[in-house]
1. Below 8 Å between Cα atoms, with a sequence gap of 6+, how large is the relative contact order for segment 1-84 in percent?
2. Near LYS176, which aspartates and glutamates are there with a Cα under 20 Å away, not counting those fewer than 8 places off in the same chain?
3. Compute the angle between helix 273-301 and the longest alpha-carbon principal axis of the chain, please, reported from 0 to 90 degrees and rounded to the nearest 10.
4. For segment 274-339, what's the relative contact order in percent, using C-alpha pairs closer than 8 Å and at least 6 residues apart?
5. Which entry in (i) 18.9; (ii) 27.1; (iii) 20.8 matches mean projected area of the Cα convex hull in nm² derived from the coordinates of this structure?
6. From the Cα gyration tensor of segment 61-151, with a ≥ b ≥ c the square roots of its eigenvalues, which class applies: rounded if a/c is under 1.5, or else prolate if a/b is larger than b/c, or else oblate?
7. For the pair LEU66 and ASP14, what calculated FRET efficiency results from E = 1/(1 + (r/R0)^6), where r is the Cβ-Cβ distance and R0 = 22 Å, to the nearest 0.05?
8. Run the count for segment 14-166, please: Lys pairs, Cα-Cα under 27 angstrom, 8 or more apart or on different chains.
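The values are calculated or read from the model by the stated rules, or taken from the named source; none is laboratory data. Keep in mind that this is a model prediction, so the values were computed, not measured. Ideal geometry is used to build each Cβ from the backbone, glycine not excepted, and the neighbour counts take in all protein chains shown. Ligands, DNA and RNA are excluded from the accessible area calculation, which covers all protein heavy atoms including side chains. Shrake-Rupley method; radii C 1.70, N 1.55, O 1.52, S 1.80 Å.
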Amino acid sequence: MPLFLNEDQTMLADTAREFLSEAAPVAHLRTLRDANDPTGFDRDLWAKFAEMGFTGMMVPESAGGLGLGHVEAGIVLEEIGRNLSPSPFLTTSVAAVAALTGTTAGERWLPAIAVGKTVAALAIDERAKHDDRIALKAERAGNGFRLSGTKQFVTHGHVADLILVVARTAGSAEDKDGLTLFALPADTPGLTADPRRLVDSSIAARLTFDVMVDGDAVVGDVDGGGTPLARLLSAARTGAAAESLGVGDGAATRTLDYLRQRKQFGQTIGSFQALQHRAAHLYSELEVARAAVLKAQQLLDDAHADADLAVSVAKAMAGMAATLSVQEAVQMHGGIGMTDAADIGFFMKRARVLTEMFGDIGYHGDRVARAGGY
């Protein structure tokens with residue numbers, strides 16, 4: 001399949017770029033941070049996402065959405081990354097929709113997601129680093145389950161309407177089987193959130209569960225949560241890779257502009273060959289990562305058997321490219337790159353958080369190696 005966008009996708013990219021550059025540029029993030037905004041994103045901006053049809057982009061048409069795929073969602077996410085636009089698009093309109101589609105729980109939640117009335121949070125991680133260990137318990141109690149335990153780094157967990165939480169209904173914490181995915185209203189009694197601001201000014205919460213839920217909260221099958229969880233993680237990882245790509249590209253664009261303007265010894269620093277070599281290397285790394293991300297998106301949309309491997313390749317490569325971009329950006333900006341007056345520092349912070357989300361470079365590099373028999 002060709003690794004470029006078709007005509008409709010190109011039009012979507014142009015629309016998303018114009019919308020986000022005007023409605024939610026980097027200055028918007030700075031404003032939220034300086035105001036110590038307790039939500040972590042702008043609800044008025046989220047309403048505009050709904051007006052644009054972005055909130056329901058991946059929601060099936062039968063549930064009121066557009067029925068588009070990962071490629072289209074990635075286009076929007078890349079623009080979100082390029083502008084550092086705070087929004088729950090990744091967790092809600094991409095990952096949650098991927099998990100809920102085709103399930104009974106989805107019939108309840110997807111129409112509200114499509115029109116921007118529901119924000120979803122993903123309660124997956126339980127330790128400092130993303131891994132496959134799930135210890136939070138879901139024990140049968142009457143006609144439902146009692147969930148007990150904690151989840152870490154739940155983005156938007158303190159303000160979400162819907163919490164998707166994976167819990168253990170059988171086996172031990174290290175087992176891959178015996179998992180069940182639940183969709184909980186955020187106001188479920190016994191669910192508490194402790195929000196903390198991250199380095200990129202986003203807010204994630206530590207969620208503590210001591211709740212009772214009925215059987216309708218199960219997404220998919222009991223002990224069969226691995227299937228919707230895999231869809232959720234593949235969507236989240238590919239989406240985070242697309243956003244990382246946007247962050248890297250946004251940082252690179254600002255760096256190239258700076259090289260064309262900043263003068264030393266009577267000439268622009270962009271005329272120095274050493275910096276030209278570094279800029280060319282960065283460009284090539286971003287383009288290779290872009291191809292890897294698009295390939296993963298296309299394979300996911302085709303439900304291809306190699307999609308999971310491609311997702312890990314994309315997440316790792318996008319993380320490496322974005323990290324290189326923001327590091328080179330700070331270096332080439334010189335001392336001003338380390339000050340709060342320059343926007344470039346915001347890109348470095350966001351790149352760091354995205355790299356850690358849903359598995360860092362080492363995690364996905366290990367998955368690729370194991371899949372290859374190493």
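1. Computed over segment 1-84, the figure is 36 percent.
2. ASP125, GLU126, ASP131, ASP132, GLU139, ASP221, ASP223, ASP306, ASP308, ASP360, ASP366
3. On a 0 to 90 degree scale, this one is about 30.
4. Numbers: 38 pairs, mean separation 22.4, N = 66.
Relative contact order, segment 274-339: 34 percent.
5. Among (i) 18.9; (ii) 27.1; (iii) 20.8, the one calculated here is (i).
6. Oblate, because a/c is 1.5 or more while a/b does not exceed b/c.
7. Details: r = 17 Å, r/R0 = 0.77.
Efficiency computed from Cβ-Cβ geometry: 0.85.
8. Value for segment 14-166: 5.
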